[in-house]
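Below is one structure, written out as structure tokens, with a few remarks after it.
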């Protein structure tokens, strides 16, 4: 193991941070990095024997629903208070830099509410299907769970993820620049079964899912998508949906913007034309430079980000390091991820590890030796349709900087000599 | 014929019959759920479309709308629809969409009036959704039109009957999704080595430094 940043000749986070503060302003003071790990105690380390190796721990009843170690208590969703008018109509962000693999733990999946979390009583839950159907129907949750089920891993990304970066680097942390995404395994019923149970009229072309929260969230979805791969999900990662993710039932719209994944579902209307609801006209439309706006921009294009290192996860060691990140595409799987450490002069293939599911996140790694020189780190992904993740400037050249949504441009992290990382843009 | 062969033949006949008898999408029924009654549908089916489908009976005028708006809406949206704090601006913003600071309001941006009715009716006032009567909703929508100078007559009354005659000015400026709008690999195989001579940092987030403090977020 290489050594750096500590007078004791051993790299500790505290030692690193002290060094970082001396070089270029305290990261800890600006809140950019994880809190220091617990004070290390030689009494717990060899050749000594730690208390946990000697004495009984808590019994099985102490934690009927397990939660993470107290040493992981900093791994939480965080919001950016100035972004929105009230916490009930707001968003918080997944701590991507603290996670690994492809599955987001349920309690860390970012939240986006429009009128707060609806606390639905499951026994009073009703889903109505009406409109251009042979039989308008009402289902209970028990009815829904009697349909054939399926299990699928999908990412959900807010269309506004990275939306604060259109005009330039703004937020220091991949939690804030890219954290409006999560990826879980859903259990639910193909929407096709439910629609066919009601019987679709021949002129049916669109559906309008509607949420049971106080915003009555409604969107228009083409019937073709609804019958293709949409799901009514009641479980995520093996357990009931969390209230903030739409308990007891949410719509899953694979690969398409998160706003369409209506939570706390109360009704689905079938129609022959789109509704042009507020969230597909006033919001979630992409304003171009000439003042016109694209509508029905549903698919989430291929995108990737290096989660480690990143501003909240500085490089702590010279020598061997693991670069890690996420890549995804709403149009299929990710075929390839390339990494540069020198701002795009030279690229290497990253190693995609773990399952490669359709419309799911992919985990990539790139192992490298760091000699302490500054780095300009980027990742770029290519999906199964041959789509190449563009640079931010390539996107701006086509769309300007007013479009808010669908910013899937390549992210640059600047790693300084002291390991500190900042969000930058480069030539 | 064996029993299993007979079963196979009858299954084949059954599925053939299904194919011939099914019009658009007709599939196996699971026999789940119950019929929704007309009363239940009427109570929950609140959506309104640009062609007027879903509009309830009712009417409301600008002056009535102003009273309701000042009481129920102005604390967030401002007395004249100018917005308070980060709450949405409802009026103004004409000729700003192609500028550095676009102001997207009902008058400057929204394509359809039905969206205003639908949204106010289902989600507003914030925290007291579905509390306005149809007449009150028509009145508030009429007042928002007045705030945006789309109607100029204080005596104007909006109703189910005249609703679709009102068009919003920005309707024509919505276009379809044009993505993918950047190069695919087949058009530009990405460079792997010696791709550029110089690289310079052109912008830094720390200069703007709007990242929330972790302690403040707790």
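Key figures for this structure:
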read-out: Counted residues, the range A:271-313 - those being in contact with a helix residue (DSSP H, G or I) (Cβ under 9 Å, 6 or more places away or on another chain), buried (at least 22 other Cβ atoms within 10 Å of the Cβ), facing chain B (nearest Cβ under 7 Å) and part of a loop (DSSP other than H, G, I, E, B); value: 4
read-out: Matching entry among A:221, A:194, A:268 (being surrounded by 19 or more Cβ atoms within 10 Å (Cβ to Cβ), closer than 24 Å to residue A:155 by Cβ, over 21 Å from the mean Cα position of the chain (by Cα) and at the interface with chain B (Cβ under 10 Å from one of its Cβ atoms)); value: A:194
read-out: Any hit, the range A:156-168, residues being farther than 22 Å from residue A:89 by Cα and either outside any loop (DSSP other than H, G, I, E, B) or touching a helix residue (DSSP H, G or I) at 6+ places or on another chain (Cβ under 7 Å) (or both); value: no
read-out: Test: residue B:72 is touching a residue at least 60 places away in the same chain (Cβ under 8 Å) and out of contact with any helix residue (DSSP H, G or I) (no Cβ under 6 Å at 6 or more places or on another chain); value: yes
read-out: Which listed residue is in contact (Cβ under 8 Å) with a residue 60 or more places away in the chain, farther than 20 Å from residue A:254 by Cα and not assigned by TED's automatic domain parsing to the domain that holds residue A:254, from A:409, A:354, A:325, A:330; value: A:409
read-out: Counted residues, the range B:78-102 - those being more than 16 Å from the chain's Cα centre (by Cα) and at the interface with chain A (Cβ under 10 Å from one of its Cβ atoms); value: 13
read-out: Qualifying positions in the range A:226-247 - more than 18 Å from residue A:106 (Cβ to Cβ), more than 9 Å from chain B (Cβ to nearest Cβ) and surrounded by fewer than 19 Cβ atoms within 10 Å (Cβ to Cβ); value: A:228
read-out: Identity of the residue in the range A:92-147, without any contact (Cβ under 8 Å) to a residue 24 or more places away in the chain and part of a loop (DSSP other than H, G, I, E, B), that ends up farthest from the other protein chains (Cβ to nearest Cβ); value: A:121
read-out: Any helices (runs of 4 or more DSSP H) falling wholly within the range B:103-218 and containing at least 3 residues that are modelled with pLDDT of 95 or more and at the interface with another protein chain (Cβ under 7 Å from one of its Cβ atoms); value: B:113-123
read-out: Check on residue B:75, assigned to a helix (DSSP H, G or I), under 15 Å from the mean Cα position of the chain (by Cα) and either within 10 Å of chain A (Cβ to nearest Cβ) or more than 30 Å from residue A:294 (Cβ to Cβ) (or both); value: no
read-out: Test: residue in the range A:169-182 that is in a helix (DSSP H, G or I), within 9 Å of another protein chain (Cβ to nearest Cβ), crowded, with 24+ Cβ neighbours inside 10 Å and touching a helix residue (DSSP H, G or I) at 6+ places or on another chain (Cβ under 7 Å); value: yes
read-out: Residue within the range A:198-209 that is in a loop (DSSP other than H, G, I, E, B), surrounded by fewer than 21 Cβ atoms within 10 Å (Cβ to Cβ), more than 8 Å from chain B (Cβ to nearest Cβ) and touching a residue at least 24 places away in the same chain (Cβ under 8 Å) present; value: yes
read-out: Members of the range A:216-247 that are in a loop (DSSP other than H, G, I, E, B) and within 25 Å of residue A:332 (Cβ to Cβ); value: A:219, A:220, A:229, A:230, A:237
read-out: Residue among A:211, A:199 that is over 22 Å from the mean Cα position of the chain (by Cα) and over 22 Å from residue A:102 (Cβ atoms); value: A:199
read-out: Failed criterion for residue A:384 (all others in (1) closer than 28 Å to residue B:179 by Cβ; (2) surrounded by 16 or more Cβ atoms within 10 Å (Cβ to Cβ); (3) in contact with a strand residue (DSSP E or B) (Cβ under 6 Å, 6 or more places away or on another chain) hold); value: (2)
read-out: Matching residues, the range A:40-84, being within 14 Å of another protein chain (Cβ to nearest Cβ), in contact (Cβ under 8 Å) with a residue 24 or more places away in the chain and in a loop (DSSP other than H, G, I, E, B); value: A:74, A:75, A:76, A:77, A:80
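The values are calculated or read from the model by the stated rules, or taken from the named source; none is laboratory data. Computed from a prediction, not measured in an experiment: that's the story for all the values here. Cβ: placed from backbone, ideal geometry, glycine included. Neighbour counts: every protein chain shown.
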